[in-house]
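Trainee: Quick one: the structure is below, questions incoming.
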Amino acid sequence: MNRLFAGNQQRSNGRLNITQLAIEADVKRWHLTHQHQDLKDTFQSEAAKDEARRATQARSADAFEELKKKHARLQKHCQFLEQRLKIYATAVNQLALENAALSDRDAEAAKLRVLPRQPHLP
């Protein structure tokens with residue numbers, strides 16, 4: 001049993017079932033199933049635990065890969081937002097300079113032309 005669970009099989013193909021256990025132990029299968037039921041039951045319960053552990057590890061690995069993909073998407077989105085932020089900061093700065101120039105009523109110095117206000121449409 002220990003060799004099968006450790007993955008160090010010598011005679012069998014390494015699958016965790018009664019037939020492979022019998023081959024690994026070099027005994028007939030019916031000895032395990034009829035004469036040593038306690039060993040058979042112990043092996044089956046340990047094999048079920050091992051399978052559950054492997055399934056949990058596989059799910060964890062899948063979840064980790066999904067998180068890595070999501071992280072990459074979020075990093076790309078953050079880069080996009082940072083580029084937008086730089087553009088908006090430049091625009092706000094320019095608007096602030098224009099506002100300051102217009103507030104002083106020195107449109108000639110700022111080389112700005114004031115456009116007439118248009119009424120808001122409904």
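Trainee: What FRET efficiency, computed as 1/(1 + (r/R0)^6) with R0 = 22 Å and r the Cβ-Cβ distance, is obtained for Lys28 and Ala48, rounded to the nearest 0.05?
Mentor: 0.40
Trainee: May I pose another question? Under 10 °C and 1.306 mPa s, how fast does region 15-60 diffuse according to Stokes-Einstein, given a Kirkwood radius computed over C-alpha pairs? Answer in µm²/s, whole number.
Mentor: 141 µm²/s
Trainee: Dividing the alpha-carbon Rg of region 2-110 by 2.2 N^0.38 Å yields what?
Mentor: My calculation over the Cα atoms of region 2-110 gives 2.63.
Trainee: Rounded to whole Hz and in sequence order, give me ³J(HN,Hα) for region 35-49 from the Karplus expression 6.51 cos²θ - 1.76 cosθ + 1.60, θ = phi - 60°, writing x for Gly and Pro.
Mentor: For region 35-49, the Karplus-derived couplings read 9, 10, 5, 5, 5, 4, 5, 4, 4, 5, 5, 5, 5, 5, 5 Hz, x marking Gly and Pro.
Taken together, the values in this text are just the output of simple stated rules run on the coordinates, not laboratory data. Worth saying up front: this structure is predicted, and the values here are computed from it rather than measured. Ideal geometry is used to build each Cβ from the backbone, glycine not excepted, and the neighbour counts take in all protein chains shown.
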